[in-house]
Amino acid sequence: AQSVAQPEDQVNVAEGNPLTVKCTYSVSGNPYLFWYVQYPNRGLQFLLKYITGDNLVKGSYGFEAEFNKSQTSFHLKKPSALVSDSALYFCAVRDPSGGSYIPTFGRGTSLIVHP
Amino acid sequence: DTEVTQTPKHLVMGMTNKKSLKCEQHMGHRAMYWYKQKAKKPPELMFVYSYEKLSINESVPSRFSPECPNSSLLNLHLHALQPEDSALYLCASSQDYASAGGPADTQYFGPGTRLTVL
């Protein structure tokens, strides 16, 4: 079975400071991991993904995420937050060895960047 | 172009109405999805079409009826809905569905249709 956890409902950060949105996963094999962002009243926008290779993945809008197999984590990071980064962030996981072809989404983390 | 379009943006309907949601993509994707999303919650999968055939139905009530007329279009027909069906309905597409990963796995979402059932 595949599962993903986003332990924080909300993350608050000041503009210009680094931000981290946490994600941990559980799969039986090697995971495929995704981050999506959702602005109010909009659909989900793909930010980045990890399939294989380099553990540090760079994505859209200056975001990056680090795959850590030993800690089963895939935290989303950005060196300097912008007010416009305020949105709902979803982590998703798929376990290709588990027979599921559909990703499981985390519950979402609301990121609030204060001016 | 990674755009998925959905119409209408907003829909208000009574419990006896029949309406349809539409979704379109021109990325050549062969998998299309319907999700339902309540406020500040993750999207919940409803249906998956792969190569225009229904592959997954997540035990969705029959008042929701999907249709895939061709590889670019996906419809969701609505009939006799309940107020608890009010939500944001998201369409998504991906290059493939039952694949080994890589670019085929990335789902691209439309902006959604905000549905209100009175």
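Any read-out appearing in this document is the output of simple, stated calculations on the displayed coordinates, not a laboratory observation. Predicted, not measured: the structure shown is a model, and the values here were computed from it. Virtual Cβ from ideal backbone geometry, glycine too; neighbours counted across all protein chains shown.
Below are the figures for this structure:
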{"read-out": "Stretchable slack from A:Asn68 to A:Ala1, in nm (0.36 nm times residue separation minus alpha-carbon distance)", "value": "22.2 nm"}
{"read-out": "Magnitude of the charge dipole, chain B, Cβ model with Lys/Arg +1 and Asp/Glu -1, debye to 20", "value": "460"}
{"read-out": "Whole-Hz ³J(HN,Hα) from phi, Karplus 6.51 cos²θ - 1.76 cosθ + 1.60, for the stretch A:103-115, glycine and proline x", "value": "x, 9, 8, x, 6, x, 10, 7, 9, 10, 9, 8, x"}
{"read-out": "Under the Karplus curve 6.51 cos²θ - 1.76 cosθ + 1.60, θ = phi - 60°, whole-Hz ³J(HN,Hα) for the stretch B:108-117, x wherever Gly or Pro sits", "value": "10, 9, x, x, x, 10, 7, 9, 10, 10"}
{"read-out": "Efficiency of FRET between A:Thr20 and B:Arg114 - r from beta-carbon atoms, R0 30 angstrom, step 0.05", "value": "0.45"}
{"read-out": "Solvent-free Debye scattering, log10 I(q)/I(0), computed from the Cα coordinates of the stretch B:26-88 at q = 0.16, 0.21, 0.26, 0.27 Å⁻¹", "value": "-0.55, -0.89, -1.18, -1.22"}
{"read-out": "In order through the stretch B:86-93: 3J(HN,Hα) via Karplus (6.51 cos²θ - 1.76 cosθ + 1.60), integer Hz, x for Gly, Pro", "value": "4, 4, 8, 9, 10, 9, 9, 9"}
{"read-out": "Amide hydrogen neighbours beyond the local backbone of A:Cys23, cut-off 5 Å, H modeled", "value": "A:Phe74, A:His75, A:Leu76"}
{"read-out": "Amide proton proximity set for A:Ala81, modelled H, under 5 Å, gap of 5+", "value": "A:Gly16, A:Asn17, A:Leu19"}
{"read-out": "Sorted largest first, extent of chain B alpha carbons per principal axis (Å)", "value": "42, 25, 23"}
{"read-out": "Where only C-alpha atoms are counted, convex hull volume of the stretch A:1-97 per residue in Å³", "value": "101"}
{"read-out": "Cysteines in chain B lacking a second Cys C-beta under 4.7 Å", "value": "B:Cys68"}
{"read-out": "Those lysines that a straight Cα-Cα span of less than 19 Å connects to A:Lys77, excepting residues fewer than 8 apart in one chain", "value": "A:Lys22, A:Lys49, A:Lys58, A:Lys69"}
{"read-out": "Shielding by partners - mean other protein chain Cβ count within 10 Å, residues of A:39-51", "value": "5"}
